[in-house]
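The values are calculated or read from the model by the stated rules, or taken from the named source; none is laboratory data. Here the structure is a predicted model, which is why all the values come from computation and not from measurement. Methodologically, a virtual Cβ is constructed for each residue, glycine included, from the backbone with ideal geometry; neighbour enumeration extends over all protein chains shown. Ligands, DNA and RNA are excluded from the accessible area calculation, which covers all protein heavy atoms including side chains. Shrake-Rupley method; radii C 1.70, N 1.55, O 1.52, S 1.80 Å.
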Amino acid sequence: MKSNALIIFTRIPIAGKTKTRLQTKLSPEECASIHKCFLKDIYKKMKELKHDDIDIIISYNPEGDLNILKEIFYDENKYIKQKINSNNENEKIYNSMKEVFDLGYKKCILIGTDIPEISKENIIDSFNLLDDNDFVFGPSYDGGYYLVGMNKYNDVIVNTNSGNLKNILSAVENINLKYSAIENRYDIDEYNDLIELNNRINNNNIILENTKNFLNSINLD
């Protein structure tokens, strides 16, 4: 076992159960396909981290066939089921982090899968920041966060019951813990987010091969 763990926190991409806010314009099958593309593009970058002191762990919602994820992430990765007995998304996230810390890892970073533009450098920078900080966050432009890391498990964020990063940072400050943040990224939740992502891919030469090919195959309004 390595010292550090990167958790990729995801649903199993099945039609009608994922990226549902995109169904205003896309079919359920297309929503599942775009989610698969995000996962493939994220993992293509993240798997290079295995050469460092980092294990990749897939935390998945058990609704659906796990083999769908294994076709993307392969069998050599570790898989843990999300505890789904709560409607509190924070609780699901931090239960996964606690489970990973209980395995003996020294640092843990968790990322979502709505941020295909995330880079492996974001992850390396985040682990480095945990040398001198209790928490690290990757802020998203919608006021939430796409990445969270800790060097020791703490339930302060669960207790805030908020996905708003400002509220979370206030809670961390209130118990005199240190945090740092990496660069802002875009969550891809709504159809307009997808259009803007497509523009960034085409105009800025962003390499997201699977996502780009899929977006080229459908008609974006």
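Net charge near Phe73: determine it from the other residues with C-beta under 15 Å of the C-beta of Phe73, scoring Lys and Arg +1 and Asp and Glu -1.
Result for the local shell: +3.
So what's the net charge close to Val136: Lys and Arg +1, Asp and Glu -1, counting the other residues with Cβ under 11 Å from its Cβ?
Numbers: positive: Lys107, Lys178; negative: Asp125, Asp131, Asp132, Asp134.
My count for the surroundings of Val136 gives -2.
Over the chain, what percent of the accessible surface lies on carbon and sulfur atoms, probe 1.4 Å?
About 42 percent, which is the carbon plus sulfur part of the accessible surface.
Size of the dipole of segment 95-221 about the Cα centre, Lys and Arg at +1 and Asp and Glu at -1 on the beta carbon, nothing else charged, in debye to 20? Write out the running numbers ahead of the final one.
Working: 10 positive and 20 negative charges, 74 e Å.
I would put it at about 360 debye.
When Lys and Arg each count +1 and Asp and Glu each count -1, what net charge do the other residues less than 15 Å away from Lys152, Cβ to Cβ, add up to?
Numbers: positive: Lys98, Lys106, Lys107, Lys178; negative: Glu99, Asp102, Asp131, Asp132, Asp134, Asp155.
Computed value for this residue: -2.
Using the Cα centre of the chain as the reference point, and only Cβ charges (+1 on K/R, -1 on D/E), how large is the resulting charge dipole? Debye, rounded to the nearest 20.
340 debye
Taking a probe of 1.4 Å, how large is the accessible area per residue of segment 1-109, in Å²?
Ligands and nucleic acids excluded, the result is 47 Å² per residue.
Using the Cα centre as the reference, give the magnitude of the dipole from point charges on the C-beta atoms of segment 19-75 (Lys, Arg: +1; Asp, Glu: -1; all else neutral), rounded to the nearest 20 debye.
320 debye
Before rounding to the nearest 500, sum -39500 (n - 2.57) across all DSSP H runs of length at least 4 in the chain and divide by the residue total; then give [θ] at 222 nm in deg cm²/dmol.
-12000 deg cm²/dmol
Report ³J(HN,Hα) in whole Hz for each residue of segment 3-13, in order, from the Karplus equation J = 6.51 cos²θ - 1.76 cosθ + 1.60 where θ = phi - 60°; Gly and Pro get x.
Ordered by residue, 3J(HN,Hα) equals 7, 10, 10, 10, 9, 9, 9, 8, 7, 6, x Hz.
Looking at the chain, which longest stretch skips every one of the GluC sites (Glu not before Pro) that is in a DSSP loop with at most 13 other Cβ atoms within 10 Å, leaving the sites themselves out?
Numbers: sites that count: Glu63, Glu76, Glu183.
Within the chain, the longest run free of exposed GluC sites (Glu not before Pro) spans 77-182.
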